[in-house]
Amino acid sequence: MTYQLNAPLFQAERYVERHVPRDATVLVDSNVWIDLVDDGFPPRRVVWFWELNTDPDVERRYPRGWRQMDYVVATNTLRANILTHAASVRPVVAAIAHSTARASFGTGTNLVTVYRVRPNGPVHAPWWLPGYGSTTPPRSGPDKGQAR
């Protein structure tokens, strides 16, 4: 009753509001989309991850797909969809693989990570990312459910 499950999500959204330029393109889940747009981010710059390669309007705006994303906000919803539908969300997987974690909030299944996409940069895939990461979870750290 005293632990706020959404606290990491709200912290990540506050981080985005303070540190991500309003003209950046941010790849998010549907909950974060609503909150960022309500907080003044242009709706055309906040992309729901399922639409990245399935919505013709999004494909017209971003013909280079994930390479035109500047940030990804990886929530448990986004990670769960990647793990269960990796083939359907390949561009999201590629965006995260070619990103650097900028900030993380929470632990375990409540972990929310803000990634900065670097399309031409080296691959820095998290352990759980299909096709890039390891099949072995870390023994310690936030992905194991421990604070940094």
**OP:** Within the range 91-114, identify whether any single residue is at pLDDT 95 or above, among the charged types (D, E, K, R) and within 22 Å of residue 6 (Cα to Cα), and answer yes or no.
**Re:** yes
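Take residues that are of a type in the set (Val, Ile, Thr) and under 15 Å from residue 102 (Cβ atoms) and tell me which of the strands (runs of 3 or more DSSP E) falling wholly in the range 16-86 contain 1 or more. Reasoning before the result, please.
Details: elements: 26-28, 46-48, 71-74.
Strands (runs of 3 or more DSSP E) meeting the threshold: 26-28, 71-74.
Quick test for you: out of 115, 132, pick the one residue that is closer than 16 Å to residue 69 by Cβ and among the aromatic types (Phe, Trp, Tyr). Spell out the reasoning first.
Working: 132 fails: closer than 16 Å to residue 69 by Cβ.
So the residue among 115, 132 that is closer than 16 Å to residue 69 by Cβ and among the aromatic types (Phe, Trp, Tyr) is 115.
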Subject >> Index of the failed condition, residue 29 passing every other in (1) surrounded by fewer than 16 Cβ atoms within 10 Å (Cβ to Cβ); (2) at pLDDT 95 or above >> reply: (1)
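Which of the residues that make up the range 91-114 are under 11 Å from residue 12 (Cβ atoms) and touching a helix residue (DSSP H, G or I) at 6+ places or on another chain (Cβ under 7 Å)? Walk me through it before giving the result.
First pass over the range 91-114, keeping only residues under 11 Å from residue 12 (Cβ atoms): 102-106, 110-114.
Answer for the range 91-114, where residues must be under 11 Å from residue 12 (Cβ atoms) and touching a helix residue (DSSP H, G or I) at 6+ places or on another chain (Cβ under 7 Å): 103, 104, 105, 106, 110, 111, 112, 114.
The values are calculated or read from the model by the stated rules, or taken from the named source; none is laboratory data. As the structure is a computational prediction, the values presented were derived from the model and not from experiment. Every residue, glycine among them, receives a Cβ derived from its backbone with ideal geometry; neighbour counts consider all protein chains shown.
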